[in-house]
Amino acid sequence: MANLKKIRTRINSIKSTQKITRAMKMVASAKVKKFENKVKASRPFTYELEKMFYRLLHSLNDIEPEQTDFKEPINNFPILLSERPIKTVGIIVMTSNKGLSGAFNANVVRYTVKTIQEYKEKGIKCELFIIGQKGYSALKRLTDDYGFKITQTYLNFSETPNSSHAMLVASDMARAFVNGDIDSMEIITTRFRNLMSYSVEKWDILPLDELDYDYTKEEFNDMEIEPSVPSVLSELVPLFISSIIFQAMLESIASELASRMTAMSAACDNAEEMIEKLTVDYNKARQAMITQELTEIVGGTVALNK
């Protein structure tokens, strides 16, 4: 009887857990479709903005500011667009605030540690700007082992990122860049592929590399810039940096939701298998108990008739 009660209690416990995982799967399924549409809608804008930005820079022979005072460090395009020896890399790490999303956060952390180790072997330091509680919790324990610094954390962003979130991160990184604390800007994020897959990637922001698209030199000619080159660049550079960060945020959240949906689906299936197995064990134990009771009754009856 005690064994039956134990099995029955475990079945009820698994059923309760299954209700939670099924609900989380349904929520993730509903959200991931919305973010999939957002990711696909924002990719063309981000790409065309990068393309326009590179076209503008290629059309300029030299970048000379007309003023030395800028509203914010992120508007200081002469320093942000300058090239210098890279001694310290600033890396934005995109993770989530919630768990139960499979290996999503672990993959990002593992890729980050690998990247830091590669830079360390080259004698380059790393400063991290971490988005998400899970990434911060995992990486803060490794600072002494791998010799990197956590410069800034962003743990209160909502599940629906907006341009102000991206601009906040961009402003903090630009300030560190202008102050000379970092010499490059990079992002470690996940690129959303489909509902079943994503890939962890490193995106370079600054210093600028050649944009990967087909163009001709004629595209860079006959560009008229109003009111002036410095005024346009001081507004375009922040938009360029923040748009890449914002795109990375969307890609990361879509990947997280897809990973959670897959993980919760697998959890529901595993729970169903365990319930079926435990139900069989319960029925066997119950049948054995009934058989034992019948045997005892028959044995008692035989003993009385002797």
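Taken together, the values in this text are just the output of simple stated rules run on the coordinates, not laboratory data. Note that the structure is predicted; figures quoted are calculated from it, not measured. Because the Cβ atoms are built from the backbone with ideal geometry, glycine has one as well, and the counts that use them run over all protein chains shown.
In segment 256-271, the qualifying residues are those that are surrounded by 14 or more Cβ atoms within 10 Å (Cβ to Cβ) and charged (D, E, K, R), and the one that is nearest to Lys134 (Cα to Cα) is Glu256. Taking segment 126-156, which residues are crowded, with 19+ Cβ neighbours inside 10 Å and in a loop (DSSP other than H, G, I, E, B)? Those that are crowded, with 19+ Cβ neighbours inside 10 Å and in a loop (DSSP other than H, G, I, E, B): Gly132, Phe148.
Can you tell me which residue is nearest to the chain's Cα centre (by Cα) among those in segment 87-125 that are assigned to a strand (DSSP E or B) and surrounded by fewer than 23 Cβ atoms within 10 Å (Cβ to Cβ)? The residue in question is Val89.
Scanning segment 248-306 for residues that are among the small types (Gly, Ala, Ser) and either out of contact with any helix residue (DSSP H, G or I) (no Cβ under 9 Å at 6 or more places or on another chain) or more than 30 Å from Ser42 (Cα to Cα) (or both) yields Ala266, Ala267, Ala271, Ala285, Ala288, Gly299, Gly300, Ala303.
Residue pairs whose Cβ atoms lie under 7 Å apart, sitting 6 or more positions apart in sequence or on different chains, and linking a residue in segment 156-177 that is under 18 Å from Leu236 (Cβ atoms) to a partner that is part of a helix (DSSP H, G or I) and among the polar types (S, T, N, Q), are Ser163/Ser242; Ala166/Ser242; Met167/Ser242; Ala170/Ser242.
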